[in-house]
1. Which of the residues spanning segment 68-107 are under 14 Å from the mean Cα position of the chain (by Cα) and among the small types (Gly, Ala, Ser)?
2. What number of residues within segment 134-151 satisfy the criterion of being surrounded by 24 or more Cβ atoms within 10 Å (Cβ to Cβ) and closer than 17 Å to TRP69 by Cα?
3. Answer yes or no as to whether LEU166 is under 17 Å from TRP49 (Cβ atoms) and of a type outside the set (Val, Ile, Thr).
4. Restricting the first residue to segment 80-93 and requiring it to be at positive phi, which pairs with a second residue that is crowded, with 17+ Cβ neighbours inside 10 Å meet a Cβ separation below 6 Å and a spacing of at least six or different chains?
Amino acid sequence: MRNTRYDDTPDPGRGAARGAALGAELAKPERYQELLRRVRGLLDDEADWLSSLANVAAAVYEWLPALNWAGFYLLRGDTLRLGPFQGRPACLTIAVGAGVCGTALQLGESQLVPDVHAYPGHIACDPRSRSEIVVPIRDATGRVVAVLDLDSDRLATFDEDDRQGLEALAEELATRVDWQRACTV
């Protein structure tokens, strides 16, 4: 088993239920800096796109509070397909332009939605979700190839600090993941 540089502190043991997010004592910008540092450690020396995205989804889910879902949708052909995630089972496909994820892909811009029930065309994969943020991910050429999708069961969970932190994470993934393989049909 390869030893990653993800975390050198012991896991306090969160049990079956999801406890407080790791780094909860940190202000949001500092939490994102620490998350990015840990994600870099996960991506170092890892060539497999699936393993990389699975670990990143898990790290995001562990480090950001109030999430009930965190994961990726990959552009395969002209459809977003479910990729690695943490949370309940999710929608398998999303059309470009449909819902929050499809809109983020189509516009190439992050979508911050404080109340998903007020969002026209919202796709409810999990009826518990109340707010959402979706960040497009570009490959090394600048083409949008995936989205990072985070849901919360609370209203207005995400703000500008989240957008900035997640966009920095998406930029890190741009050149560190083999998007050609990940998005091959």
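1. Answer for segment 68-107, where residues must be under 14 Å from the mean Cα position of the chain (by Cα) and among the small types (Gly, Ala, Ser): ALA70, GLY71, GLY83, GLY87, ALA90, ALA104.
2. Residues meeting the conditions: 8.
3. no
4. Pairs that qualify, where the first residue is at positive phi and the partner is crowded, with 17+ Cβ neighbours inside 10 Å, are GLY87/ASN68; GLY87/TRP69.
Here's the yes/no breakdown for (1) among the hydrophobic types (A, V, I, L, M, F, W, C); (2) modelled with pLDDT under 95; (3) in a strand (DSSP E or B); (4) surrounded by 17 or more Cβ atoms within 10 Å (Cβ to Cβ):
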| site | (1), (2), (3), (4) |
| --- | --- |
| MET1 | yes, yes, no, no |
| GLY15 | no, yes, no, no |
| ALA20 | yes, yes, no, no |
| GLY23 | no, yes, no, yes |
| GLN33 | no, no, no, no |
| SER52 | no, no, no, yes |
| ALA58 | yes, no, no, yes |
| ASN68 | no, no, yes, yes |
| GLY83 | no, no, yes, yes |
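The values are calculated or read from the model by the stated rules, or taken from the named source; none is laboratory data. Small disclaimer: the values here were computed from a predicted structure and weren't measured. Every residue, glycine among them, receives a Cβ derived from its backbone with ideal geometry; neighbour counts consider all protein chains shown.
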